[in-house]
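A.B. asks: Have a look at the structure that comes next, please.
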Amino acid sequence: MKRSIVFCLAMTVFIATVSVAEAQQPKKVFRIGLLSGGGSPPPSAPTPLEQGLRKLGYVEGQNITIEARYSNGQIGRLSELAADLLRHPLDVIVAQSYPAALAAKQATATIPIVITGAGDPVATGLVASFARPGGNITGVSAFEEELSGKRLELLKEAFPKLARVALLWNAADFGMTLKYRELERAAQALRVTVQASAVREPKDFESVFSEMLRKRPGALFVITDPLTQHNRKRVVELAAKHRLPTMYENAPYVDDGGLMAYGPSQAENLERALHHIDKILRGTSPNDLPIEQMLAQFYERSAQEIAPEDLLSQVEVITVAGLPGIKTSILPTNTEFSILFLYNQRVYTLAPVHGPSTNAVDPQALEVFYQIVDSFKVN
């Protein structure tokens, strides 16, 4: 009996000691590196990356540490910033943009890299394939080839008289140059002349716009990368100043006053990238995580923002491929849409569509719509 009591006491002490030891063991703190070609956010507010990680249970200062490096649109600094990141024992690197992804890939072949906004990673040679990326890279991408043509189609549908479009892109970014070449091919099919307008650094925008306007393009197409994104307010202001209808690739341009944008939701891109980060931190190899391709959404401005003052009493909302009054609408990439708009509380379309139901076209409503389109003075 005494032996049993002694044994039970010994076991109790052992279990208690083990429990205390386990409780005293520090929790694993993951180190996440962020390499971005864009601008650094305000220091006071949490970044979208921090907010997204928090939703997955990763809290800065508790179980994760984030080391962030931003090049502020200066691509040449990314290699240096990537090397600086590697001075820390990182568990994963998040690379935003093709140049950032390339710099991270060149800096390490062992630390997992999750890419976003890097264009077509297969075409640029970042990965072997979408299904089996190979090496230490995974992440999210878009259907770039299909998206480029669709964006140009939507611009042409909005402005049927369009004959010349200026393409603004960062020629120092190989991923964006591939987009430019794809747009050249898409423009040929639509019988639209492409006007190259290349920038390489922030000081180029004013001079490029001046040169662009000499050739009188009917519209502008902006290819998004960290340089153009970081300077998007300037781009939007210059396009508005010269009344140049412009297609952008994501919503922030529209939020800053741009006319329209078609592309994957940046919030959804980040959400999917976060799931890749979570899986990697839980032990999954990046080689086992396919590159996820995102669908696109359409973003537009309301008639109150773009229509002449004397038409505002007649047209409440103008939207493309969406429901009246809704600023953002999901647009499947394999679906054809035309321009829809609201007039006298009814929804109208300029051509048959396969999608949202519409009413018959009222000739007076069409006239109002054409007045809005003509107000842009498209060549």
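A.B. asks: Looking at Lys233, is it more than 26 Å from Ser71 (Cβ to Cβ) and not small (Gly, Ala, Ser)? It would help to see each step written out before you state the result.
C.D. replies: Details: more than 26 Å from Ser71 (Cβ to Cβ): no; not small (Gly, Ala, Ser): yes.
No: the conditions fail for Lys233.
Residues are listed down the side, and each one gets a yes or a no for (1) at pLDDT 90 or above; (2) buried (at least 23 other Cβ atoms within 10 Å of the Cβ); (3) within 21 Å of the chain's Cα centre (by Cα):
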site	(1), (2), (3)
Gly139	yes, yes, yes
Arg151	no, yes, yes
Pro160	no, no, no
Leu168	yes, yes, yes
Ala172	no, no, yes
Leu178	no, no, yes
Thr193	yes, no, no
Glu211	yes, no, no
Ala219	yes, yes, no
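A.B. asks: Return yes when Gly257 is within 21 Å of the chain's Cα centre (by Cα), surrounded by fewer than 16 Cβ atoms within 10 Å (Cβ to Cβ) and either more than 30 Å from Lys28 (Cα to Cα) or modelled with pLDDT of 75 or more (or both) and no when it is not. Can you show your working first?
C.D. replies: Working: within 21 Å of the chain's Cα centre (by Cα): yes; surrounded by fewer than 16 Cβ atoms within 10 Å (Cβ to Cβ): yes; either more than 30 Å from Lys28 (Cα to Cα) or modelled with pLDDT of 75 or more (or both): yes.
Judged against the criteria, Gly257 is a match.
A.B. asks: Let me ask something else. Against the condition of a type in the set (Val, Ile, Thr) and either more than 30 Å from Val199 (Cα to Cα) or buried (at least 21 other Cβ atoms within 10 Å of the Cβ) (or both), how does Val122 come out, does it pass?
C.D. replies: For Val122, the condition - of a type in the set (Val, Ile, Thr) and either more than 30 Å from Val199 (Cα to Cα) or buried (at least 21 other Cβ atoms within 10 Å of the Cβ) (or both) - is not met.
The values are calculated or read from the model by the stated rules, or taken from the named source; none is laboratory data. All values derive from a computational prediction rather than experimental measurement. Here Cβ is always computed from backbone atoms with ideal geometry, including for glycine, and neighbour counts include all displayed protein chains.
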